[in-house]
Amino acid sequence: MITYCKEKRLFRLSGKSFDYVMYVNDAGFLQFLHFGGRVGADSDFFTAYGNTLAPNPKDRNFDMAFNEMPGEYAFYGHGDFREPTVLIEREDGGLVSRFRYVAHKITAGVPDVPDMPHVRVGGDTLTVVLKDDFSDTEILLNYNVADDSDVLTRNAEIVNAGKTPVTLKRAFSFCTELPDNQFNVMRLHGTWGAERTPEVTPLGHGMVRLHSMRGTSSHQMNPFLGLLRKDCAEEHGECYGFQLIYSGSYAITCEDGPSDTVRVQGGVNDTAFCWRLGGGERFVTPQAAMCYSDGGLGKLSRSYADYLRERVINPAYVQKRRPVVVNNWEATYFDFNNEKLFAIIDEAAKLGIDTFVLDDGWFGKRDDDTSGLGDWFVNEKKLKGGLKTVIDRCKKNGLKFGLWFEPEMVCKDSDLYRAHPDWAIHKEGVPLAEARNQLVLDFSRKEVVDHVFTVVSKILAENDISYVKWDMNRNITENYCASLPADRQGELHHRYILGVYDLAERLISAFPNIFFEGCASGGARFDAGMLYYFPQIWTSDDTDGYERAKIQWGTSICYPASAMSCHVSACPNHQTRRTTPFATRGAVASLGAFGYELDLSKLGGEEKALVKEQIASYHKTEELVLSGDLYRLINPFTEDYFCEMLVSKDKKQAYVAGERLRSVPLDKNRLVRLTGLDESKTYRVEELGLTASGASLVRFGLLLPRIAEYESWTWHVQEI
């Protein structure tokens, strides 16, 4: 709900359990007042408080008083010495700005965000118009809030309302200011094979900046920043989340002010960024999802999960049963033919798997990673009879067929590169930095995106394909676009991701019955922006049963379990060389969208029996993965165990999965409380043959099983 007090010029945006309050102060500036738990609607209190922070227009030092004003979109070079939200360079080189309130409107529904992922449904939108004192620039601030969500969505539109061009040097999506700095900062850092590792550190003084300059949201730092009160824990305490619905180069900054306030802002990365705006043109920034929790990090995570499932992810697939797939990559890598694939397909049918996914190596001249990318036509020397023979084998066995693409890439040794070498991102005279023997196609150019759409569409239209895995294994280097003039080269990274979004939207619209899974060298582009197009994303290339527990724990901080593609792979694990029990690999994978990444034809009888059991168990709990609430019970980063629980919204059903990570001498009894159950209900724990009250399970808990290192357990919990 959004209300406006005309007398005090005060805005109040109310979500499920939070209020966001701001007002137009006496000097005409939009000023932040409150973001947090419910507060009274006393406008006199808010304006009295706000006036102690607002600059006094009658003060002779008025122009130097903005350094302590908590603004909603920070300007530059006129009395505020903190980081600005926007930098606008005029033709004479001037950058100074100062934005005042002009008008506002409140409308039902969501704001229009063209060509980018965005919140799809729900709530009301407040649009506030600000005007620069020193130029013809206007800024439209959009706020979307819904009564049943604890997430506030924001973005900005920067408009050149004059006739003379201006250049944006920074164009962040949001700015907000919290009244004190007594926080810890949470970031989700990592690398390939170890994505989204939670790290909590004191905020301290100065600037905290999380960013990626890679052209992707990256393995190294996810586009999420958490601010946690010092006493915040998993299920109690206050915390805030700031998450971008964006997949390209980004930045999120957190800066303490002179009065120990905290300014948080972020959006498109401003390093080497510029964007030319002609008269009448506008730049629309990506949306940001801001969340408040008074119930610890767990409530924040569940709020984000509901928000993404209900308002961002494709509604056609978000609650639809996910196929249990087997992918051939770790089974064969590039070395496959019809017979090797048929053996996997035939075995998959016997074990209850739904879909066979053919990974890299089926196209062009592609026997290793040195050639072929970009040539999206079937290699019939490797696949006799083309894709049709493999698809027919799947159909004969009652399986559906899926296919891997890497649409954004090209190898030098490819027909596409020989025909269009200029389509790869490069700078004449600068040696190409090759990674995995591939280059990045310049998706900022429409003709490149059009070509890829045509050739990929041809494959999809001519074959019975139900599942597509879209990969991206390379970051952007050289950072130069041959089709842009010198003064617009800073537009490349944002234009690139707009091209990716364009291709994704066109393919999904053209083939609405195909399920698309995202991937980027594992989890390098696991973000809310890609989830708009792909209901699930390959969580990490690291499929080790020990490491995956940690990766999935960190990912769950701000993404739903249903978004995590989780597979059982072979041992010794191909990434870590560790051997974990087959049952453990299944237990950890069952906490996300479930599947397999191995050669089924090489499994022994006991493992095949386990596959059948795992799939049957997953079908019992898949609704919890799709729509349940996740409770993180034992932290694998700090404890000798890992344990998570999925609970249905009505609290009637739950599923617990855990793993013993480290064995220790003189092992002691340990209890785990099943937080999230209804204390007034009575439950049956199937595996233990135990009946107990919800109050006992929540307040006292269950004994952890005495198991060896890397062994696991699962409990199915049902109301009786």
Take the conditions touching an Asp or Glu at 6+ places or on another chain (Cβ under 8 Å) and touching a residue at least 24 places away in the same chain (Cβ under 8 Å) and apply them to Arg170. Does it pass?
yes
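Quick grid of which residues meet (1) in contact with a Lys or Arg (Cβ under 8 Å, 6 or more places away or on another chain); (2) under 29 Å from Gly518 (Cα atoms); (3) among the basic types (Lys, Arg); (4) not in a loop (DSSP other than H, G, I, E, B):
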residue: His211; (1), (2), (3), (4): no, yes, no, yes
residue: His219; (1), (2), (3), (4): no, yes, no, no
residue: Phe224; (1), (2), (3), (4): yes, yes, no, yes
residue: Gln243; (1), (2), (3), (4): no, yes, no, yes
residue: Lys299; (1), (2), (3), (4): no, yes, yes, yes
residue: Tyr304; (1), (2), (3), (4): no, yes, no, yes
residue: Leu308; (1), (2), (3), (4): no, yes, no, yes
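Considering only the range 27-45, I want to know if a residue exists there that is more than 25 Å from Val129 (Cβ to Cβ) and of a type in the set (A, V, I, L, M, F, W, C).
yes
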Counting only residues that are of a type in the set (A, V, I, L, M, F, W, C) and part of a loop (DSSP other than H, G, I, E, B), which one in the range 564-623 is surrounded by the most Cβ atoms within 10 Å (Cβ to Cβ)?
Leu591
Would you please list the contacts, defined by Cβ atoms under 6 Å and residues six or more apart or on different chains, that run from a residue in the range 216-236 that is under 18 Å from Thr197 (Cβ atoms) to a residue that is of a type in the set (A, V, I, L, M, F, W, C) and not in a strand (DSSP E or B)?
Thr216/Ala524; Ser218/Ala524; His219/Trp192; His219/Ala524; Phe224/Cys558; Glu234/Leu297
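Quick one: in the range 218-241, which of the residues that are small (Gly, Ala, Ser) and surrounded by fewer than 19 Cβ atoms within 10 Å (Cβ to Cβ) is nearest to Gly37 (Cα to Cα)?
Of everything passing the filter in the range 218-241, Gly237 is nearest to Gly37 (Cα to Cα).
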For the range 511-544, how many residues meet the condition of being part of a loop (DSSP other than H, G, I, E, B) and either touching a strand residue (DSSP E or B) at 6+ places or on another chain (Cβ under 7 Å) or within 19 Å of Asn222 (Cβ to Cβ) (or both)?
17
Candidates Asp19, Asp112, filtered to the one that is within 30 Å of Tyr532 (Cα to Cα), part of a strand (DSSP E or B), among the acidic types (Asp, Glu) and without any contact (Cβ under 8 Å) to a residue 24 or more places away in the chain
Asp19
So for the range 256-266 (the condition being among the hydroxyl-bearing types (Ser, Thr, Tyr) and in contact with a Phe, Trp or Tyr (Cβ under 9 Å, 6 or more places away or on another chain)), does at least one residue qualify?
no
If we scan the range 70-88, do we find a residue that is touching a Lys or Arg at 6+ places or on another chain (Cβ under 8 Å), among the hydrophobic types (A, V, I, L, M, F, W, C), surrounded by 15 or more Cβ atoms within 10 Å (Cβ to Cβ) and closer than 14 Å to Glu157 by Cβ?
yes
Scan the range 538-563 for residues that are touching a helix residue (DSSP H, G or I) at 6+ places or on another chain (Cβ under 6 Å) and without any contact (Cβ under 8 Å) to a residue 60 or more places away in the chain and jot them down.
Arg548
Is one or more of the residues making up the range 395-403 closer than 30 Å to Tyr246 by Cβ, under 31 Å from the mean Cα position of the chain (by Cα) and either β-branched (Val, Ile, Thr) or not in a loop (DSSP other than H, G, I, E, B) (or both)?
yes
Assess whether Val698 counts as being of a type in the set (A, V, I, L, M, F, W, C), within 27 Å of Leu626 (Cβ to Cβ), touching a residue at least 12 places away in the same chain (Cβ under 8 Å) and part of a helix (DSSP H, G or I).
yes
Lone unmet requirement of (1) more than 26 Å from Ile139 (Cα to Cα); (2) assigned to a loop (DSSP other than H, G, I, E, B) for Gly248:
(1)
Pull out all pairs, ordered by first then second residue, where Cβ-Cβ is under 6 Å, the residues are six or more apart or on different chains, the first lies in the range 584-612 and is at pLDDT 95 or above, and the second is of a type in the set (Lys, Arg) and not in a strand (DSSP E or B).
Val588/Arg548; Ala593/Arg322
Test for Glu199: is it free of Cβ contacts under 8 Å to residues at least 40 places away in the same chain and on the phi < 0 side of the Ramachandran plot
yes
Tell me, yes or no, whether the range 441-464 has at least one residue that is within 30 Å of Ala348 (Cβ to Cβ), under 26 Å from the mean Cα position of the chain (by Cα) and not in a helix (DSSP H, G or I).
no
Go through the range 694-708 and give me each residue that's modelled with pLDDT of 95 or more and among the charged types (D, E, K, R).
Arg699
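For (1) part of a loop (DSSP other than H, G, I, E, B); (2) touching a residue at least 40 places away in the same chain (Cβ under 8 Å); (3) more than 19 Å from Pro258 (Cβ to Cβ), each residue gets a yes or a no:
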residue: Gly28; (1), (2), (3): yes, yes, yes
residue: Gly36; (1), (2), (3): no, yes, yes
residue: Gly40; (1), (2), (3): yes, no, yes
residue: Thr47; (1), (2), (3): no, no, yes
residue: Ala54; (1), (2), (3): yes, no, no
residue: Asp80; (1), (2), (3): yes, no, no
residue: Glu83; (1), (2), (3): yes, yes, no
residue: Asp92; (1), (2), (3): yes, no, yes
Within the range 321-337, residues being under 17 Å from Gln614 (Cα atoms), surrounded by fewer than 23 Cβ atoms within 10 Å (Cβ to Cβ) and not charged (D, E, K, R) number 2
Kindly indicate whether Leu646 is of a type in the set (A, V, I, L, M), at pLDDT 95 or above and either touching a strand residue (DSSP E or B) at 6+ places or on another chain (Cβ under 8 Å) or assigned to a loop (DSSP other than H, G, I, E, B) (or both).
yes
In the range 351-371, which residues are surrounded by fewer than 19 Cβ atoms within 10 Å (Cβ to Cβ), free of Cβ contacts under 8 Å to residues at least 60 places away in the same chain and either out of contact with any strand residue (DSSP E or B) (no Cβ under 6 Å at 6 or more places or on another chain) or part of a strand (DSSP E or B) (or both)?
Asp367, Asp368
Within the range 626-643, which residues are under 15 Å from Glu235 (Cβ atoms) and not in a strand (DSSP E or B)?
Asn635
Where residues in the range 664-692 are without any contact (Cβ under 8 Å) to a residue 40 or more places away in the chain, among the polar types (S, T, N, Q) and part of a loop (DSSP other than H, G, I, E, B), which of them is nearest to Trp713 (Cα to Cα)?
Asn669
On the given criteria, is Ser483 more than 30 Å from Asn635 (Cβ to Cβ), out of contact with any Phe, Trp or Tyr (no Cβ under 7 Å at 6 or more places or on another chain) and in a loop (DSSP other than H, G, I, E, B)?
yes
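The values are calculated or read from the model by the stated rules, or taken from the named source; none is laboratory data. Just so it is clear, the structure is predicted and the values come from calculations on it, not from any experiment. Neighbour counts run over all protein chains shown; Cβ positions are idealised from the backbone, glycine included.
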